[in-house]
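To start, the structure under review is shown below, and the notes come after it.
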Amino acid sequence: MQEIRLGLLGCGTVGGGVVRLLAQNEARLTARVGKKLTVVRALVRDPKKERPSELPASALTTRAEEVLADDSLDVIVEVMGGAEVARDYVLSAIRAKKQVVTANKMLLALHGGELVAEAKKHGVDLAFEASVGGGIPLIRVLRDALASDRISHFAGIINGTSNFILTKMQREGQSFEAALAEAQKRGYAEADPTLDVGGGDAKHKLAVLAMLAFGAQVASDDIPTEGITELEPIDHVLADRFGFVIKPLATGRAHDGTCDLFVHPALVKKDAPLANIGDVMNALALTGEALGPCLLSGRGAGDMPTAVSVVADVLDVARAKVLGVMGQATQALALTPMKPSPRSQANGRYYLRFSVFDRPGVLAKITGALGDRRVSIEQMVQQGGGDADGTAVSVVILTHRANEGDVAAALSVIAAGDFVARPTRLLRVLD
Ligand code: NAP
Ligand code: HSE
């Protein structure tokens, strides 16, 4: 074997970055594996599109079997995205005993259990460092560096596009639409950006993190998920007034053989480490029982940061092939099916923004409904130009710790009141 032969499924933002990185650092990478890493074939939809100059046009194909049925290939790198076609191709590669690398969190969230089981059965590796956190080595840290510890909980910013948009809105007053367009132009967003701003991408990544952190195999659709599209400029202003910034979070906590997993925008204290993770940066703040707190951060999207993680995986699986230890890393992944707890069982502090008519007795009705459900108030402000005639104003309440089911029950009582002008906005506060 003179070289390690790679087949790419996809050669867009990430695949292009992989081709460039392999070419830029060829000598160093060859030295690490003991063999040259050569991209032999790349599957694309439109061969006429502009691609990295390092990839000869003869390597491009629109026929998947030219990659999947090529016995000379050692490693298949799936960077095409989507779930169902990618699943078929990855299963086919695994069954042909190829080492597989993927950056595809949707694929892992929907079919990860099946793919890991199949890789174990066929004695090959399925590596997926780039699927969460772009260029940050989160998967390696959870799988290897912290293998001796138990992760009790974590909170992360794991969608670069959402963080980019919120940062642009908060710091530069940019509109949501302009910030999203810029994220798309820079190659951060998914092909379908509603996955980013609607929380779906973070949900898929959280399902992958749960596999590594808690050994949990969850159905990603069971993860309670909220995106950033419902946030309004006034929420940023009011959060700031209470000493917080709003961040797009994914959180996990292990308890009693199950786990809490949530995706939502949340208020983060301005002096907390995650509050200062801006732009496209991602971060994971985790707590290990033995280790204590640990923060990992870096660029969470884009061609070259993501390519760094994909190529790190290519190096690992190529070396395993050269050394004759294929499949060992994946054998170590033990997964137990788990159902994440529902929101109603969550406990925390809440930001509640009521849009109500400014009439006598309204505050008493709100605080009464909360009090009836044992939800205690920590701070309260009224904002807006109400008058005695009943113009709508914002009343914002920050609660003490409460059960989320109780908060929801109080809100549904309040929603029925004739003093409510618009639906109440609920945001969680990061502890
Ligand atoms: P992209 O720019 O849209 O590239 C997708 C590539 O796959 C393109 O080359 C496309 O061909 C090809 N492709 C897609 N469907 C195909 C099909 N059915 N048959 C043949 N070729 C097909 O996407 P990307 O941003 O590189 O993302 C790729 C994967 O990496 C996704 O799973 C994404 O979630 C993940 N990821 C992305 C980032 C990021 O920052 N962009 C970071 C981490 C992980 P054409 O070029 O001809 O259209
Ligand atoms: N669309 C993703 C994001 C790419 O914005 O985080 C990185 O996975």
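The values are calculated or read from the model by the stated rules, or taken from the named source; none is laboratory data. Owing to the predicted nature of the structure, the values given are computational and were not obtained by experimental measurement. Heads up, the Cβs are rebuilt from the backbone with ideal geometry, glycines too, and the neighbour counts pull from every protein chain shown. Accessible surface is based on the protein model in full, side chains and every heavy atom, while ligands, DNA and RNA are left aside. Shrake-Rupley method; radii C 1.70, N 1.55, O 1.52, S 1.80 Å.
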- Long-range amide H partners of Ile4, meaning residues 5 or more apart or on another chain whose placed amide H is closer than 5 Å, are Lys36, Leu37, Thr38
- Item | Zero-based 5 Å bins, Cα pair distances in the stretch 346-429, whole percents | 3, 16, 29, 27, 16, 7, 2, 0
- Message: What distance in nm lies between label points placed 7 Å from Cα along the C-beta direction at Ser53 and Arg374?
- Response: 6.9 nm
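Please compute the length gained on full extension between Arg401 and Val237, using 0.36 nm multiplied by the number of residues separating them and subtracting their Cα-Cα distance. Before the final figure, lay out the partial values.
Details: separation 164, 0.36 × 164 = 59.04 nm, distance 2.26 nm.
Taking Arg401 through Val237 to full extension adds about 56.8 nm, to one decimal.
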- Note on the structure: Largest fluctuation, Leu209, Leu108, Leu231 only, Gaussian network model of the chain with Cα springs under 10 angstrom, belongs to Leu231
- Query: Translational D (Stokes-Einstein, µm²/s) of the stretch 62-196 at 4 °C and 1.567 mPa s when Rh comes from the Kirkwood sum over C-alpha pairs?
  - Reply: 76 µm²/s
- How big, on average over all directions, is the shadow cast by the Cα convex hull of the stretch 3-58, in nm²? 3.7 nm²
- Message: Going by amide H atoms built from the backbone, whose H comes under 5 Å of the H on Glu378, apart from near neighbours?
- Response: Leu398, Thr399, His400
- Task: Keeping every protein chain in place, order Lys35, Lys205 by accessible area at 1.4 Å, biggest value first, i.e. largest first.
- Result: Lys35, Lys205
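Just to make sure I understand: if all protein chains stay in place, what is the order of Val420, Val396 by accessible area at 1.4 Å, largest first? Don't jump to the answer; show the numbers that get you there.
Numbers: Val420 35, Val396 0 Å².
These residues rank, largest area first, as Val420, Val396.
If I take every Cα pair under 8 Å that is 6 or more residues apart in the stretch 346-429, average their sequence separation and divide by the length, what percent do I get for the relative contact order?
Normalised by residue count, the contact order of the stretch 346-429 is 49 percent.
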- Query: What list of ³J(HN,Hα) couplings, whole Hz, do you get for the stretch 10-23 from phi and the Karplus terms 6.51, -1.76, 1.60, once you set θ to phi - 60° and write x for glycine and proline?
  - Reply: x, 8, x, 4, 6, x, x, x, 4, 4, 5, 5, 4, 6
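Roughly how large, in nm² to one decimal, is the mean projection of the convex hull of the alpha-carbon atoms in the chain? Show your work: numbers first, answer last.
Details: hull surface 87.6 nm².
Result: 21.9 nm².
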- Query: Three principal axis extents, largest first, for the C-alpha atoms of the stretch 215-324, in Å?
  - Reply: 59, 39, 31
- Would you compute, for the Cα atoms of the stretch 323-371, the largest minus smallest coordinate along each principal axis and list the three values in descending order, in whole Å? 77, 19, 13
- Query: Tell me which aspartates and glutamates have Cα within less than 13 Å of Lys269's Cα, excluding those fewer than 8 residues away on the same chain?
  - Reply: Asp240, Asp431
- Note on the structure: Summed over the other residues with a beta carbon less than 14 angstrom from that of Thr306, with K and R at +1 and D and E at -1, the charge totals -1
- Note on the structure: Restricted to the chain, the DSSP antiparallel beta bridge percent, nearest 5, is 70 percent
- Item | In order through the stretch 38-44: 3J(HN,Hα) via Karplus (6.51 cos²θ - 1.76 cosθ + 1.60), integer Hz, x for Gly, Pro | 10, 7, 8, 8, 9, 7, 9
- Message: Order Ser148, Ser394 by their accessible area, 1.4 angstrom probe, all chains in place, largest first.
- Response: Ser148, Ser394
- What one gets for the stretch 145-299 as the Kirkwood radius, inverse of mean 1/r over different Cα pairs in Å, is 15.9 Å
